[in-house]
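Notes follow once the structure below has been shown.
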Amino acid sequence: MQKPAIPKGTRDFMPIEMERRNYIFDTIKKVFRKYGFVQIETPAMENISTLLGKYGDEGDKLLFRILNSGNFFDGVFSEEQDMVDMKELTLKIAEKGLRYDLTVPFARFVVQHKEQITFPFRRFQIQPVWRADRPQRGRYREFYQCDADIVGADSLINEMELIEVLDEVFDKLNIKVAIKLNNRKILTGIAQLIGQADKITDITVAIDKLDKIGLDAVNKELTDKDISEESVQRLQPILLLEGSNADKLIKLKEILHCSDIGQKGIEEIETVMAYLADCKLKARLELDLTLARGLNYYTGIIIEVKALDANMGSISGGGRYDNLTGVFGLQGVSGVGVSFGADRIYDILQELNLFPEKTEASTKLLFVAFDSKGIEYALPIVRKIRKAGIPAEIYSEEAKIKKQMQYANDKNIPFVAIVGDDEMKANAVMLKNMTTGEQRLVAVEDIVKEIQ
RNA sequence: GUGAGUAUAGCUCAGUUGGUUAGAGUAGCGGAUUGUGGUUCCGUUGGUCGUGGGUUCGAGUCCCAUUACUCACCCCA
């Protein structure tokens, strides 16, 4: 016999967990809608060519590929070509892959349906994504992202609104967070400053680790990446920036005075922060130059959210991407978006005991009978109760009352209606309140009134 | 891809320097109570000790391999 199991990094969800997950999804959805976002869905799988090359080499490795159906080896091996080139081979036998995030499929979606879309397009999307990563705490191979993006709009007002969305959602969920901001343009400016623009990726990856591994280790890593001693030295004032957001920006302006693109990035941050000055964010908003985000496609402001009271990676992220639709042939469409990591948010709410007490009402009233006669007597009554909008069920098996009561108890059903010969004779039920333990004979027509 | 740890009943875990027939709690089932759950008491089902090999008179325990899972790094939601 086969032992039942699911792939690692995936999970089953029990009813209680679904209730809590829906609490998260509903909260996010409500805020999205309030800001005018409309929902779409895209398929779990995309053509592999849609996904490849969008997330860097690392990302390509983490894509789940779907083996072609049928005889997938058919015509794969030609005579002069060996099976040496695994990459080529993989491309031929797996032409589809599971989506890695919601942003790239959305870009594909926008280009494919551009005639039917009114821009600026504000869409939200809540669906699972898959990554062939090694699972660990807060990291799953299948997890839900909740994305809100605005495409076809350049204004930084959109950045502001998305930050408001982030703030509002986490406030509603009672999670204390820091919203970290940076700008890819500032990072580019920094790379220019030290004269190694081509090393931008290495630099950002290294300075992203500043608070994790410390200044010395970062400098060593930079040196290891063939960045000259002199350049590393020039980088120091930036790594050592301290003080309020405004302080940092002022100093940064000085340091980057010779970089146009760097100045542009600083301006953008200033503008967004000025917009946000009025809206009384609950979250801490901080400029964080160590924030790099590996994703290749961000070009402007980068956003990341961290929970203050829990040890967890980022629980939301986002940013501006100027030319994401470009690779699908639609130029000049800029987008900006954020993404909530529902599963990490779940873990944090669980850890901090922040899920609301009240469980969403399921069955309110259970009918319990001694025999088939009682069950038949109860059936029309159940219908009546349901017609009144009250979730009710009947224990359909003939079983001992004790067992049926236990069922009601396990399911947290607040009321039980017991049906026996006496009750049938009186055209009534014995209505028991499972919380207080009280019970009394209630006429059939009074049941609804009694349990409301 | 790199490193560390764990694996014993459905679940959570004990199991001594290697020594008789591997235990507990919990869940399940039955009963105390044939018209009453959540509390209590009694009884009871359930294990190829992850898998394969080795050392030994003897292995849940020691060694090797393997698989799965967990945690950390990389990266990320």
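The values are calculated or read from the model by the stated rules, or taken from the named source; none is laboratory data. Bear in mind that the values here come from a model prediction, so they are computed numbers and not experimental data. As a convention, Cβ positions derive from the backbone with ideal geometry for all residues, glycine included, and neighbour counts pool all protein chains shown. The accessibility values were calculated without ligands, DNA or RNA, using every heavy atom of the protein model including side chains. Shrake-Rupley method; radii C 1.70, N 1.55, O 1.52, S 1.80 Å.
Values for this structure:
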{"read-out": "Heavy-atom accessible area per residue - the stretch A:187-299, 1.4 Å, Å²", "value": "53 Å²"}
{"read-out": "Folded to 0 to 90 degrees: helix A:260-276 orientation relative to chain A principal axis, Cα", "value": "30 degrees"}
{"read-out": "Between 0 and 90°, nearest 10: helix A:157-172 axis offset from chain A longest Cα axis", "value": "40 degrees"}
{"read-out": "Solvent-accessible area per residue for the stretch A:365-451 (1.4 angstrom probe, square angstrom)", "value": "58 Å²"}
{"read-out": "Proximal lysines relative to A:K449, as straight alpha-carbon distance under 19 Å, when same-chain residues fewer than 8 apart are discounted", "value": "A:K364, A:K384, A:K387, A:K432"}
{"read-out": "Loop trypsin sites (Lys or Arg not before Pro), the stretch A:376-422 (other Cβ atoms within 10 Å of the site Cβ: 15 or fewer; DSSP)", "value": "A:K400, A:K411"}
{"read-out": "Mean Cα-pair separation over length for the stretch A:187-299, i.e. relative contact order, pairs under 8 Å, 6 or more apart, %", "value": "38 percent"}
{"read-out": "Accessible surface of chain A, 1.4 Å probe, proportion on carbon and sulfur as whole %", "value": "50 percent"}
{"read-out": "For the stretch A:224-293 versus the stretch A:113-149, the gap between their alpha-carbon centres in whole angstrom", "value": "28 Å"}
{"read-out": "Helix axis angle, A:372-387 relative to chain A longest principal axis, alpha carbon, degrees", "value": "50 degrees"}
{"read-out": "Magnitude of the charge dipole, chain A, Cβ model with Lys/Arg +1 and Asp/Glu -1, debye to 20", "value": "1340 debye"}
